[in-house]
Amino acid sequence: QVQLVESGGGLVQAGGSLRLSCAYSGSIANIDRMGWYRQTPGKQRDLVATITTGGSTNYADSVKGRFTISRDNSKNTLFLEMNSLEPEDTAVYYCYARRYFRNFWGQGTQVTVSS
């Protein structure tokens with residue numbers, strides 16, 4: 001099992017910044033991919049960004065150039081730096097980890113961007 005705990009969400013004005021963190025623990029060896037998804041009420045959970053063990057990153061078109069995903073293996077923490085936030089970024093953000101083709105999820109953290 002992999003345990004994931006997100007933090008760093010909150011309320012911010014449009015144009016502002018937030019940094020989300022995801023502390024991971026448990027059976028973390030052989031995690032091959034981690035990332036962030038987000039979800040709004042009544043909609044599916046959508047990809048925001050992913051990062052592989054090798055450091056390759058992938059971003060949703062809507063966040064390219066504004067969000068940066070990174071990982072500090074020495075601290076077992078995944079980050080999502082979010083800049084130039086827009087009201088459309090309002091959602092619950094979920095951290096995930098993939099290990100042996102099984103996905104693990106955190107409990108989510110709310111990000112609210114006011115206009």
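The values are calculated or read from the model by the stated rules, or taken from the named source; none is laboratory data. Because the structure is a prediction, the values reported are computed rather than measured. Cβ: placed from backbone, ideal geometry, glycine included. Neighbour counts: every protein chain shown. What goes into the accessible areas is simple: the full protein's heavy atoms, side chains included, and nothing from ligands, DNA or RNA. Shrake-Rupley method; radii C 1.70, N 1.55, O 1.52, S 1.80 Å.
So which residues in region 79-91 are of a type in the set (A, V, I, L, M, F, W, C) and touching a residue at least 60 places away in the same chain (Cβ under 8 Å)?
Correct list: 79, 80, 82, 85.
Within region 74-96, which residues are over 12 Å from residue 6 (Cβ atoms), assigned to a strand (DSSP E or B) and among the hydrophobic types (A, V, I, L, M, F, W, C)?
Listed by number, the residues that qualify are 82, 91.
Residue by residue through region 28-40, note down the ones that are over 13 Å from residue 80 (Cβ atoms) and modelled with pLDDT of 95 or more.
33, 39, 40
Return yes or no: is residue 10 open to solvent by less than 50 Å² (accessible area, probe 1.4 Å), touching a residue at least 60 places away in the same chain (Cβ under 8 Å) and not acidic (Asp, Glu)?
So residue 10 passes the test.
For region 88-107, enumerate the residues that are open to solvent by 50 Å² or more (accessible area, probe 1.4 Å) and of a type outside the set (D, E, K, R).
Across region 88-107, the qualifying residues are 100, 101, 103, 105, 107.
What are the residues in region 33-71 that are in contact with a Leu (Cβ under 7 Å, 6 or more places away or on another chain), open to solvent by 50 Å² or more (accessible area, probe 1.4 Å) and either in contact (Cβ under 8 Å) with a residue 60 or more places away in the chain or farther than 18 Å from residue 111 by Cβ (or both), if any?
Listed by number, the list holds a single entry, 71.
Filter region 93-115 down to the residues that are among the aliphatic types (A, V, I, L, M) and without any contact (Cβ under 8 Å) to a residue 60 or more places away in the chain and list them by number.
none
What number goes with the only condition from (1) closer than 21 Å to residue 26 by Cα; (2) part of a strand (DSSP E or B); (3) small (Gly, Ala, Ser) that residue 54 does not pass?
If we test residue 54 against (1) closer than 21 Å to residue 26 by Cα; (2) part of a strand (DSSP E or B); (3) small (Gly, Ala, Ser), just (2) comes out false.
If only one of 85, 80, 20 is buried (at least 18 other Cβ atoms within 10 Å of the Cβ), more than 13 Å from the chain's Cα centre (by Cα), under 23 Å from residue 112 (Cβ atoms) and not acidic (Asp, Glu), which one is it?
After applying the criteria, what remains is 85.
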